[in-house]
Every structure is written in C-alpha cells, then in structure tokens.
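Take a look at the structure below.
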Number of protein chains: 4
Amino acid sequence: MNFASDNTAPVAPAILDALVEANRGFALGYGNDDWTHAIERRFCEIFEREVAAFLVPTGTASNALALAQVTPPWGVVLCHSESHIATDECGAPEFFGNGLKLVGLSGDGGKISPDGLKTALAGYGGHSPHQVIPSALSITQATEAGTIYRTNEIASLAEIARMRSLAVHMDGARFANALVRLNATPAEITWRCGIDVLSFGATKGGALAAEAVIFFDSEVAAFFGERRKRGGHLLSKHRYIAAQFLAYLADDRWLALARHANAMADKLAAALTGMGLRPVWPVEANLVFVVLPRVLDAKLKAAGADYYVRSSGTLQIGPDNVLVRLVTSFATGEEEIDRFVNLCRL
Amino acid sequence: MNFASDNTAPVAPAILDALVEANRGFALGYGNDDWTHAIERRFCEIFEREVAAFLVPTGTASNALALAQVTPPWGVVLCHSESHIATDECGAPEFFGNGLKLVGLSGDGGKISPDGLKTALAGYGGHSPHQVIPSALSITQATEAGTIYRTNEIASLAEIARMRSLAVHMDGARFANALVRLNATPAEITWRCGIDVLSFGATKGGALAAEAVIFFDSEVAAFFGERRKRGGHLLSKHRYIAAQFLAYLADDRWLALARHANAMADKLAAALTGMGLRPVWPVEANLVFVVLPRVLDAKLKAAGADYYVRSSGTLQIGPDNVLVRLVTSFATGEEEIDRFVNLCRL
Amino acid sequence: MNFASDNTAPVAPAILDALVEANRGFALGYGNDDWTHAIERRFCEIFEREVAAFLVPTGTASNALALAQVTPPWGVVLCHSESHIATDECGAPEFFGNGLKLVGLSGDGGKISPDGLKTALAGYGGHSPHQVIPSALSITQATEAGTIYRTNEIASLAEIARMRSLAVHMDGARFANALVRLNATPAEITWRCGIDVLSFGATKGGALAAEAVIFFDSEVAAFFGERRKRGGHLLSKHRYIAAQFLAYLADDRWLALARHANAMADKLAAALTGMGLRPVWPVEANLVFVVLPRVLDAKLKAAGADYYVRSSGTLQIGPDNVLVRLVTSFATGEEEIDRFVNLCRL
Amino acid sequence: MNFASDNTAPVAPAILDALVEANRGFALGYGNDDWTHAIERRFCEIFEREVAAFLVPTGTASNALALAQVTPPWGVVLCHSESHIATDECGAPEFFGNGLKLVGLSGDGGKISPDGLKTALAGYGGHSPHQVIPSALSITQATEAGTIYRTNEIASLAEIARMRSLAVHMDGARFANALVRLNATPAEITWRCGIDVLSFGATKGGALAAEAVIFFDSEVAAFFGERRKRGGHLLSKHRYIAAQFLAYLADDRWLALARHANAMADKLAAALTGMGLRPVWPVEANLVFVVLPRVLDAKLKAAGADYYVRSSGTLQIGPDNVLVRLVTSFATGEEEIDRFVNLCRL
C-alpha cells in the first residue's frame, strides 16, 4: 500500500522496454540522435504547432530552467504558496534565476484565483527601481492539492498576466493527469489559453527520469541550450531520455497511464467518502487529501501503509487528527485500494 | 567505426539488466531506497574508507557541484587549459560557483606539471582584496589528451596545492581507464595521494547516466545534499541511478569494461604507429590523438568513420594535415579497429 | 516642509566640514589610510569590544553584503514583511546571497514578535534537502514603521534564533534614532542581546554616503573584504567615507542629530494627536504614520508639503483617507512642523 | 613623492567646493534631484547624442554592471590579460555577470591588437552548447600600461567585434587622460568608433567617488536602473555624486586636470629617459613604467617615494632590477617630480 508519491512507483514496462530497445549500436551524444529528433517532432504533433523542446532529467531542473529563461534576476515569479517550486525545490528557481523572487499566493485547493492574482499584482508598479518587477506567473497543473485548473480558468489567469507583460509557466509534473480529466487536447490547455512555457513531466507518470521544457514560441527559447548545458542538465547519452518520452507518448500510453492513476484516486476517494472520510479538496487528479483520526493513522501505518502527513496553513485539523496525502499512480493496484479502505473501516 | 566519443556507445548490457531488475515494486524516492544505501556502502568499500557519495546524472553536474562545494565565489580553480571544465561545460563551474574563476594552465599531454602549478600560484597573494584567491586545483584522470597522472605526480601536485590551502579535485570521467592502466587501487590514486573530492564517472564507462561526487572527508560535504537538490540534480526515482552504479562496480565489471576500451586504443595506436602515424601523446587510456593527412581524413570520413577533428594550441599540424581524436569504449569491436586501420593503408 | 525621507536632508555641516578637512595631501587608497584606521578603532570603543568593521556607500549594500555573509544560498532570511530588505532593495539580498530566500513575517507596528518567529520556524525542518533552511533573522532598528525593539525584545528574538542556529542581523539604517530613545548603549542593544552583525547607517542620520557593516565576531567576517570588493563596494579614496563616520561619531554628534530628528517627530505626533489625527503606530523614532482625509492630503500637497502615501496590508483606511508617512531628520526645523500642523487645522 | 596611484590624490578643490555648494536644503533621493537631471543633460552634450547615464560610486561597480548588462551568463568578455577587470576587481564582473567568463588576451603595452582579437575569436563557434560564447570586448582607455588606443585602433577592434555580434565596452577609468592626449572629442573616441558602453571615471581624475556608466543606445540600458539598485549602487543622497561630476565636467576642468597629470608623467618620463632609464612602454597618459636597479629602488623608498613594484609576464627584468609603476595625477607637483628625478641621479 504505497501512497507516498507517484515517484515511488517503478517505470512503466513499455517505457523500460523502449530503453532496452534503444540500446543498439552507437549514437551521437547530446541530442544529436534519431530518438531526440523524433521526440522533437512528436512534441510538435502533440501540441499542434512548432515548439522548442528540451529534455532534462528532473522536474526541478525543468521548472527552474524554464522560469530563469522568462524572468530577469529582478523579476518576481508569482505562484501558489504551496507550489512545488515554492516549497520543495530548495530554492532552485532562485538559484537558476540569479536571485529572482518567488511570491506565494494563497488560494483554495492549491489554485490561484484571478482575484488573488489581480490583488497581488496591484501591489507592484510605480516604485522602480526599488521594487522587484512581476515577470512570470507559474501555475501547477494538476496542482499539489490534486485539483485541476479548467481551461477558462487558465485563460483568465493568463489574460491578467498578459496585461502586465508576465510570462506564463505551467508546472506540468502531473500534466497528463489533468489532461485526461479535462478531456481536452494538450494545445487547448496550454498555448491556446495563454501558456508560454510548459514543464512537461513524464517521470511521475511512468518514466524513469524524463522531463521536457516546451516553449511555444521558439524565440523565447533563445540560448536555452546553453542554459541547460550550463546547468549540467544536458545528458550525454541523450537517446535514452528521448526514448523514454517517445514510449510515454506512443499509442496514447501517457493518457492510459494517467487515467489509471486518476481512476485509482477516484476509487479511493469514493470509498473514503462512503465511510465519512470525505477528501478535503476535490479529487481531480491522482492525489487524495483526507483528514484521519490519529488512531486510524497509527493503525494504517502499522499495517504497512505508506503515505505522508501534511500540514496545512488553512485547514483546521484538530489535535486528534492528521491531514494525509494519498498519491496513486499507474502502478497502483485495485487491491491496494481495497486493502487500505478495509483498514479504514473499524 | 564510431570513434567520436565514449558517450556514443550504448549502455553495457549488464548495467541495463540491472536497471530492468530494479524495476520491481515501489521504492521511496530521492535516495531513500535500498539501492542507494547499497551503493553508498559500496563506495566506502571501493575507496577503503568512509566517504560521502552523491549521485548525479551528468559529468558536468558532478564537476561543477564538486568545485562549487570547495571554492568560494572569489576563488580560483586552477586547471589545465584544455580540461573539460574549462572548454566543454559552457561555464557550469562558474555558474554553480557563483562566479568563481577558472584559470587554465598549459602543460604537455593534457597534464599540469608541478612547476607549472608553482609558477601559477606564485602569481597570487599579497594583493587582497583586489585579487581572487587560488582555492582549488582540478586535475583530470585520465586527461582529455588520453594521458594519465602517475600516483607520485598526483601526490606532488596535491602537496603543492596543500601548501597553499587549495582543495584538490579530480575529474574522473575516465577514472576507470586510468585506474586499470596504473594497476593501482582507487584509494591509492585518490585520497591517499591527496585528492579531496572526486567526480567519479560511470557514463563514459558503460552506464546510461550515472556519475558520483565522492568526498573523502564527509565534513567537506556539509549541505551538499541541498546544493545538489537546488541544482536540480537529485533524481526522484533514485534507485535507477544507484542500480547503474552498483552494476558498474559489481564483479569488477568497471575494470573489465575499461580494460577493453584501453586495449582497443592500444591496438589502434600500435597499428597506426606501425604505418608511421604515431599518436602525438602517449596512449594511456582510451583516446588516440593522431595527425592525419587531409586526404586520408576525407577517405575515412567517406567510408563512414566517425570521429572529431581537434585543434591544438601547441602542436604544429600544417595545412595538409588534421589532428584527429579517436575514442574507444567498452563497445568498440576489434573489427572496427581493423577496418579503420585498413582504410589508413594506402 | 519636506517629510519625504531622511535621505532628502542635506549633509550635517560638521560632517561636511570633516570631508573638507580630510582633503589634504595624499593618502593610500582602499582603506589603508589614517582615517580608516581611526574609525576602526572608534567602532571598537563605541561597541566596547573588538569588532570587524567595513564601510560601504549604501544601506542596501550594507544589508545585502551582511546577509550574504551569514546565509548560505539555500538559506532563508526571516524578516518583517514590510522591511526594507524585503520591499525596497530590488532583490539585492537575493542577488548578493546567490539566490537566498527572504521570508517576510507579519507583525504589528513593523516588529516581529517572538511568537511570530517561533511559528515561522516551526514550518521548517525535517524536509531536507527539499526545503530551504532558516539561516538568519533580520530585524530593523528602528523599524520601517517608526517603532523600536526594546532590549529584552531583541534578546527574546535572538534567543529563539540561536536555538535554531540562525545568525541575527540588525538593519540599523536608523540605529541612532533607536539608541537615543532607548537610553541604552550601542553594546546593550546589539551584541549583548544577541546581534551578530549590524548594518550601521550614518547616511540617514546626517552623513553623505556612509554605512558600516559591523561584525561582533571577527571570525564571522572572514573574507568579507573580498566580498565587499567583489560587490564593487570598496571605495578607492576611502578616507572620505571614514572621515564622514568619524565626524558622525565624534562628540556624540550622531546622538544629538538623532535626538533632534526624534524630537521633531514627537512634536509632530503630539500636535497631530491633539487635533484628532493620532499616529497609527507608536512614534518612537523619526517616522510618523497617520491617516489623513484625502481632502487634507490634497491641501497639504498643494501647499508644498512633501511626503509619501503608503499602502498597508493590515490597516483599514477607507476610500476617503490615505495613510501617509512623515519623516523627520536632523535638518527638520520646528517651523516646518508648525507650518504643517497649521495646515492640518481646518 | 606619491606615485602609488591616482587614487591617493585628494579631491580637486573645485569639485569639493561643488559638494559644499550642493549642501543646501532638501532634495529628493535616488537621482530625482536637479543635480542629477543636469548631469544627465550634460553627458548628452559631452557625447553629442542622447545617452543613458547612470552614476555609481566605484569603477569596479561601473565596469561590472556595464559588462553584466551586455553579456549573458554563458558569455565571454574578451579583455587584455593585464586589464583591471581581469586582475584587480576580485571577480566582480563574474559576480555581477552570474558567472560570465573573462578571457585575457596578451598584447604589447597593455593593448589588444586586431590580430590578437581575431585569433581569440577564431577559437569560438561551432561547438554550441558546450562552449561559452564571445559576447563582449572590453578595452581600457588609457590602458593599465599607460598607453592609448588611437581612434582607428578602436574602430578596427570594434569592427571585428561587431562582425561577431560582440558588444564593445570601454573601461574609461582614465578616459580624460586619453582624450586630451588624442586631441579628439569624447564622441570620436567612443560611439563614433564603435563603443557601446563606457565606464566613465572621474574619481582618479579628481573626484571623491564618481563614476558613470554611459550607454550610447538607451535600449541597451533597459532595466539598468534595477541592476544598479540591486547591486547596492544607487546612492540615496544622489545629488552629491551628480554634483561631483558636474564640477568635473564644468569649464573643461576634467581636461585641465588630465592635462596636468599627463604633463607630469611626460616630465618624469623625459627626465628618466635622459638619465638612461627609458620607460618600457610609451608614456601616453599618466603612468610611467620603468625598470630600476634594486639599489635605486631601495634608495627611493628610503627617501619616502611611494610607488608600486609590478611584475610583468612579458618583460625580462633580471634579478638586480625591478619594474616600477609611477602614477601622476592632477595633484602631482613639479617639485615632486624634480625631487624624485634628483634621487635617481647617482
């Protein structure tokens, strides 16, 4: 019963098979190989336009490099106060961005609201050169709370950002989970509603270590190759990261993997709700946040359930309860859900 | 006939098998897994002492993070002028080191000499705070010229460095190639002769993407975990990078792979020498540098031989010749050597 | 009627006289002069212990260099959300600190409370290496709200900081204003209650451009000379910055200048209170924050009064009012106060 | 007999008078004052075009901020190997430039030659993204060797730079000394021959602490105000730095001051030459480099002469000699020259 994170899952078999399959003969390094050329074309297909795509091994690299590309050192990246870039990357965006500033906005269910964004932006301007300058908006899709921005919500935020000349970044570590829930196309939830750069994750979705930075305007990507190399994020045997992404995107595999993860979260949420343990935020991706009595938490842990207790700045939990995060993945089995749910019954 | 780089080779089958084998069940991310614990112990065995080891996906990351750890921003890293950190990493050491300075020393066959180091150091001191401060020495083993520092040579350089309180770093992207040639132990050519931190490469030797930063004094490694994470170089599904290194180091596999690569270089060098094309530097690892007539270069390229032409600041080549670098690897076959050599015959 | 800032004031005549007096003959540059040696000794007297003191031309440099010295790049500086370092230095601390993070705490009247600090610190720990690490506390004395930390308040905050190994920095841009109000010694409100490094400002107090970074433990100041030089903050004709500070500190001049500024603020506050315009925060230094009807604001501006309207995250102002900041200085005349106050009468 | 540096001189009396004169009443801070507006207009007159000018307190700040503005982090600044930015600024350009790289070119008499520049540039290109990218050329006028680039020499270098899209920076710490020797206009030796950005120094020429960064195309200066503020280099009582520059430039004072300094160097050089101590490089500004017997050096030092012994990478000095640098300034008296010269006689 491992619900600790989607990165505790193994590699999806078809993706690992692709790695093995790629292990034939010699190939030029650093992306000058057939696999990389193929995935570059594939990204253009997936997003229905020319894109500039760069593969990197981690989500932190993907986010930090992308943000550094669109934000000057005296710039502010507006993000959710609970976003991964703000809380879990040990300051990587500030490091890659030469001291840029992240400003965390609150917002229900991990989502930034248009009003919240407007209010934050209203605090800037007219105090140059003493004040830093809002330069980018970063939203997470799906969010760290397991919720999903609707297409019109993204468009609203992006429009507000555009009015102030902010670039718009999407942290898509769980992009596929959002996509399949929205029943939309990749284009529809990215550049068509105002996203400039996407950190497109495959690792949590089933790859070994494969993330892509996708620029929807290749001019914005100028010298990003140098930036990536300089950050140590250009893999030498590059075919293997490209092969992972190719397999992930082939035959709608990424969608199928995400659908399974989401379905397992739905099943878990439904069962918990049925016994009075309603998730605290809408379960729209593969994360379930629920308040458990401490006694139940202890029982579950004792029985081998693996998950993290989370703090919350906004929820009132009470001393006898804990807020827990349950993450499902492509690898989560129905029987794990059943076993967990049964343990929750008294 | 691919002699372009050792990173054009595929993954050694046993290492890929280990990846596949690791793909069972769930495992905590970020290095909290059994594979990582095992490789940490294994490094201690290999080096015959407690070490602090950190895995990263690229050699550039390994070098730049290691140097940033032992060099302040106002510090100088003395290195060979043709070293990888100086010429091929797009300024990664300067980036990770917050603007530290690399100073390249010349030296025959890619090696820094004790006299060269002393002369360079003599130029510093007595001009604080206007002048940057020599803080680290970085040597490459095997060097980019395919030569190898002898144990006593390393000890001499390290002793000079120690007198000026410099940390000593070894870029060991081809560490195994050097090791098997010297017939020494890993301890003997590192901490026992004064190395403080080693960038221990496995990728060129046969891994997919696996490099380790090895600190021989764990106090020097303080907060290196944060530095790595902040650089985006902490892999989430960490078991797979650990599994690569475990397989690389198991059963003396790394030594066998390196011995083969070196043997192929030896064979190539001997054959070329036999026909009057003597390598310009001693062939001690898996690189052969040789001056070819342009007409032969064209013939080889036309026949499908893949390698890079190099410039040299010190060698006189002449207008009708080119200096070429031929790199062998664990995957180089004898028949490739034979075919190449035959093409060199008129 | 200039109440815009204490930096709109000219230079105190005695300090300018000292500049003119220093303009005799040759003197070695970069601090190797008699004036600098004298001010270094003087700081030791003033603070009743050996200190390491470094002069710089701006308060932003002083703060940013000091914080960078005591905070690693993955560190957090906890400060008040309205502090100068957080809102008015265009990210200088993040730049000099290679991407360190400022975290702003709320707190009444510009002051961080012990409980607020404890609560903030409780949010860190146990999530290494993903989370940044609280590394320094920065408090402002006097605060941007014109209030003053009592000695025991500083000691309480410093004690909490010490328990978590945080360095404690004091932004003393208005250090003298606080000192004379507290009727304490410089030692008592700094190192004796736990301050590690002080940004000691003289510019707002009457100098031309003179700020000092004072380390109370010289080991903490290691290589700060290089850091300052590298930041471009080591003046070549250094005697003139030293001469300013010498004159500022001579004959208790700094205290007299600050007492006058504070007295003018007191007089202004008393008069405004008398007519129902009570300052919103205690007037303890040389700043008066008061809510004015917009109609009065317009009248004052029309009459030539110069001051800034401020926003406040916590105060409810109402649409017909504005919050204004009135700053007095050594140069503020009683007649300016009288004229302003008279204008406030209907 | 102080020939240590032009920054050991005091402030020229007329400039100090201007400081005293500026000390009237209140003035808005941070450059929103009449003096600053006047100097901005004055720079446009001096350079016969619209320029964007920013005042900073040190030459190191001026150089480092200017170079960071025109060079990306993965960029190379080509400069003379003996230039101030390369040897005396403790890595400030690398710090402000987020790890950019300085590459020092050799060249006779402190000057970069067109051929030297071409050769250096030929080593770059075709190896993206592994190699850093030449992005700026920095030349020093007058050079650290006391020589001067002729207008056509600057134009040749700038033309070569332009072909490779390099920005061209001039370190004009001794700009006036060069200008008066060349009998040219400021425009002729800057933007008219291809300079993009000038670090225009007044401190060495007679100011207290006043340097200007001059952009000849204001678009290149975008957000330079933020960069300066973020670097802590925006003075709050800004009128005093502006007043210095106004006085420096008024009534051709800067030219007169520089002419005197140059004349003293000429006189010294002529006298030394007359007694067989010919300067090693042409004396074209206010620096005289001469090889002295050690015994004479000792005698001069004993008699109170103040100057620095310099090393040289290219000159053969011999064990019984030293290379010394003698710097004259506006404040150097003829009698000092005479006394020094007399001491040189046996």
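The values are calculated or read from the model by the stated rules, or taken from the named source; none is laboratory data. Just so we're clear, the structure is a prediction, and the values are computed from it rather than from any experiment. Positions of Cβ are backbone-derived with ideal geometry, glycine not excepted, and every protein chain shown enters the neighbour counts.
Tabulated values for the structure
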quantity	calculated
Any chance B:Gly276 is free of Cβ contacts under 8 Å to residues at least 60 places away in the same chain, more than 29 Å from B:Thr147 (Cβ to Cβ) and out of contact with any Pro (no Cβ under 7 Å at 6 or more places or on another chain)	no
Pick from segment D:111-125, criterion touching a strand residue (DSSP E or B) at 6+ places or on another chain (Cβ under 8 Å) and over 27 Å from A:Phe96 (Cα atoms), ranking: farthest from the other protein chains (Cβ to nearest Cβ)	D:Lys111
Some residue of segment B:253-263 being under 21 Å from the mean Cα position of the chain (by Cα), more than 14 Å from every other protein chain (Cβ to nearest Cβ) and closer than 30 Å to A:Ala202 by Cα	no
A:Leu268 being away from every other protein chain (no Cβ under 14 Å), of a type outside the set (Asp, Glu), assigned to a helix (DSSP H, G or I) and crowded, with 24+ Cβ neighbours inside 10 Å	yes
D:Ile85 more than 7 Å from every other protein chain (Cβ to nearest Cβ), in contact with a Pro (Cβ under 7 Å, 6 or more places away or on another chain) and surrounded by fewer than 23 Cβ atoms within 10 Å (Cβ to Cβ)	no
Members of segment A:126-145 found to be closer than 19 Å to A:Arg162 by Cα and within 14 Å of chain D (Cβ to nearest Cβ), listed by number	A:Gly126, A:Val132, A:Ile133, A:Pro134, A:Ser135
Test: A:Gly99 is touching a residue at least 24 places away in the same chain (Cβ under 8 Å) and not in a strand (DSSP E or B)	yes
In segment D:11-63, residue farthest from A:His130 (Cα to Cα) [restricted to those that are in a helix (DSSP H, G or I) and free of Cβ contacts under 8 Å to residues at least 60 places away in the same chain]	D:Pro13
Close pairs (8 angstrom Cβ cut-off, 6 or more residues apart or separate chains): farther than 11 Å from B:Trp254 by Cα and not assigned by TED's automatic domain parsing to the domain that holds B:His260 in segment B:194-208, of a type outside the set (A, V, I, L, M) and part of a loop (DSSP other than H, G, I, E, B) anywhere	B:Ile195/B:Phe216; B:Asp196/B:Phe216; B:Asp196/B:Asp217; B:Val197/B:Phe216; B:Leu198/B:Thr190; B:Leu198/B:Phe216; B:Leu208/A:Lys237
Selected residue [among the charged types (D, E, K, R), within 14 Å of another protein chain (Cβ to nearest Cβ) and touching a His at 6+ places or on another chain (Cβ under 8 Å)] from D:Lys237, D:Lys229, D:Lys204	D:Lys229
Residues of segment D:88-110 satisfying the condition of being closer than 22 Å to D:Phe215 by Cβ, more than 10 Å from chain C (Cβ to nearest Cβ) and of a type in the set (A, V, I, L, M)	D:Leu100, D:Leu102
So C:Asn63, is it at pLDDT 95 or above and out of contact with any strand residue (DSSP E or B) (no Cβ under 9 Å at 6 or more places or on another chain)	no
Complete set of residues in segment C:40-74 that are within 22 Å of A:Glu94 (Cβ to Cβ) and surrounded by fewer than 24 Cβ atoms within 10 Å (Cβ to Cβ)	C:Val70, C:Pro72
Filter result for C:Ala242 (surrounded by fewer than 14 Cβ atoms within 10 Å (Cβ to Cβ) and closer than 21 Å to C:Ala173 by Cα)	no
Segment D:64-82: number of residues that are within 22 Å of D:Ile214 (Cβ to Cβ), in a strand (DSSP E or B) and either within 8 Å of another protein chain (Cβ to nearest Cβ) or touching a Lys or Arg at 6+ places or on another chain (Cβ under 9 Å) (or both)	3
Criterion (under 20 Å from the mean Cα position of the chain (by Cα), within 11 Å of chain C (Cβ to nearest Cβ) and either hydrophobic (A, V, I, L, M, F, W, C) or on the phi < 0 side of the Ramachandran plot (or both)) met by exactly one of D:Ala12, D:Ala22, D:Ala27, D:Ala52	D:Ala12
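Residue by residue, here is whether (1) in contact with a Lys or Arg (Cβ under 7 Å, 6 or more places away or on another chain); (2) more than 12 Å from every other protein chain (Cβ to nearest Cβ) holds:
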residue: C:Arg294; (1), (2): no, yes
residue: C:Lys299; (1), (2): no, yes
residue: C:Ser312; (1), (2): no, no
residue: C:Gln316; (1), (2): no, yes
residue: C:Val322; (1), (2): yes, yes
